[in-house]
Amino acid sequence: MLALPSRWARACSVTVALAGAVLAPLLVLVVAGQGQSEVAVIERSGELLLRHGTPYLAEPQTVAEYTPYLPGMALFGLPRALFGADGWPARLLGDARLWCAAAFLGCLATAVRPRGVRRDGVRADGVAGVAAAGGPNVPVLAVAALVASPLVALPLCVSGVDLPLTGLCVLALALAGRARPFASGSALALACALKWTAWPAVAVAVALLAATVGCRAALRVLATAVTGTAALVLPCALRAPGPLVEQVFAFPTGRGALPTPASSPLPGRLLADLGPGGWYAALALLLLAGLSVAASLVRHPPRDALAAADRLALGLALAFLLAPAGRYGYLALPAVLALLPRLTRLPRPPRRTLPRSVPAAAPRNRTRTRTRTRTPQVVTVP
C-alpha cells in the first residue's frame, strides 16, 4: 500500500480493515451460530410476532425469555422465522445481525448524500457539494472507517441490536437539517418503534426544525413521529399490554420481576445498589438531566444537523450514565452520534436568503433650479 497513491492507499487500507474487523469475524460467528443473547432474543421475537401477533412471551421464566425491545425490533427477526436454521445458507440469510447491519449502512448512505448531489460531489445547481471538499469518496471512506473501528465492528459482529437505532437517528437529524419534516418524522417513527431510548431524538428534531424552518415544520415532524410510532407499537401493545410494560420498561430499569443483567458500575447503578432511596435518587438525577437538556433545546436550539447530533449525544450519554441499570456498551450510541456527522461532513441546511428589495428611486426635487443665462455683452470699439 505504500507504493500506491494516497487516494488508493486510503481505500485499500479501509477495505482491509473492513475485511479483517467485520466480514471475517461476522461470517465465522454467523456460520458457527455464536453471538450474544440479544441475537436469539430478536429472532425469537420475530417468530412470536409471525405466529401470535406479539413478540412477548406471556409468562417468561428466565432472563433469556424477556424481550426488552419495542415491537419494531421483531422485524429483524422475521428472516429467521422465514428461512429457518437448517444449513449455513439459511443461517446466514436468517441471522438478525446481517439485517441490522444492512439497515444501519442504508441509513448512513442516505444521510451522508444530500438530495441533488451527483456522484462527482457537485449539486444539480453547479455548486460544490459535500464530497467536493475532500474528494468524491470522503463520505464513503469515513463511514467505512467508522464501521471498521471497534466502536461499531464489535457490536456489529456479536449483537448489532443498537445499530438500526443509531442509523435511523442520524438519518432523521440529517433530514431535519435539510428541512424535510415528513421524511425526518418517518425515520423517527421507525427508530422510536425499536427502543424507547430513541424518543429524545424527537424533541431534538422538533427544536432543530422550529429554529431553522418554523413552527409549522416542527409540528409536522412531531405529528409524523408520534402517529407512525403509535401505528407500529399499538397493535402489539393492545394485544399484550402487561408483558410489554414488564419487559420493555420495568425490566431494563431494574424494577422487573427478574434482575436485569445490565449491571455495569455506572453512577446510576451504584446509586441504585444503595437501596430504594438510592434508586429514587438516581431517577431524580436522571429527570433533572433530562429537564436540563430540554431547557437547552428551548433556550439555545440547534441550528444544523451537527449541533442536533451533539445535543442528542449529550442527552443520551447523561441518561445512560444516570440510569438505575446500564452497560458500558450503551455509550457507543452517543459516541457514534457525536463522531459520524463530523466524519461524513453532513451538509448544513440551506439558508433562506430573502429577496433583495429594489431600492426606491430617489425622490425628484420638484423645485426646479432656475439657471440664469447671462447674455454676453457686445462691446463695439469705435
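Below are the figures for this structure:
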item: Residues being part of a loop (DSSP other than H, G, I, E, B), exposed (fewer than 12 other Cβ atoms within 10 Å of the Cβ) and either in contact with a Lys or Arg (Cβ under 9 Å, 6 or more places away or on another chain) or not aliphatic (A, V, I, L, M) (or both) - total across region 262-284; result: 2
item: Region 201-224 - residue that is touching a Gly at 6+ places or on another chain (Cβ under 8 Å) and surrounded by fewer than 20 Cβ atoms within 10 Å (Cβ to Cβ) and, of those, nearest to L333 (Cα to Cα); result: L222
item: Which numbered condition L287 fails, given (1) at pLDDT 90 or above; (2) crowded, with 20+ Cβ neighbours inside 10 Å; result: (2)
item: Verdict on A325 being buried (at least 19 other Cβ atoms within 10 Å of the Cβ), under 17 Å from L165 (Cα atoms) and in contact with a helix residue (DSSP H, G or I) (Cβ under 9 Å, 6 or more places away or on another chain); result: no
item: Every pair of residues 6+ apart whose Cβ atoms lie under 8 Å, when the first sits in region 26-50 and is over 15 Å from G160 (Cβ atoms) and touching a residue at least 12 places away in the same chain (Cβ under 8 Å) while the second is crowded, with 21+ Cβ neighbours inside 10 Å and of a type in the set (K, R); result: E47/R80
item: Pairs where the first residue, in region 310-331, is farther than 20 Å from L154 by Cα and the second is part of a strand (DSSP E or B), C-beta under 9 Å, 6+ apart; result: A319/G326; A325/S263
item: Neighbours by Cβ (under 8 Å, 6+ apart or cross-chain): first from region 232-243, touching a residue at least 40 places away in the same chain (Cβ under 8 Å) and within 21 Å of E59 (Cβ to Cβ); second hydrophobic (A, V, I, L, M, F, W, C) and surrounded by 14 or more Cβ atoms within 10 Å (Cβ to Cβ); result: C236/L49; C236/L244; A237/L244; P243/L57
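Residues checked against (1) over 29 Å from the mean Cα position of the chain (by Cα); (2) closer than 24 Å to V245 by Cβ; (3) modelled with pLDDT of 80 or more; (4) not hydroxyl-bearing (S, T, Y):
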residue	(1), (2), (3), (4)
L306	no, no, yes, yes
P347	no, no, no, yes
L354	yes, no, no, yes
R372	yes, no, no, yes
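The values are calculated or read from the model by the stated rules, or taken from the named source; none is laboratory data. These numbers were taken from a predicted model, which means no experiment stands behind them. We place every Cβ from the backbone using ideal geometry, glycine too, and count neighbours over all the protein chains shown.
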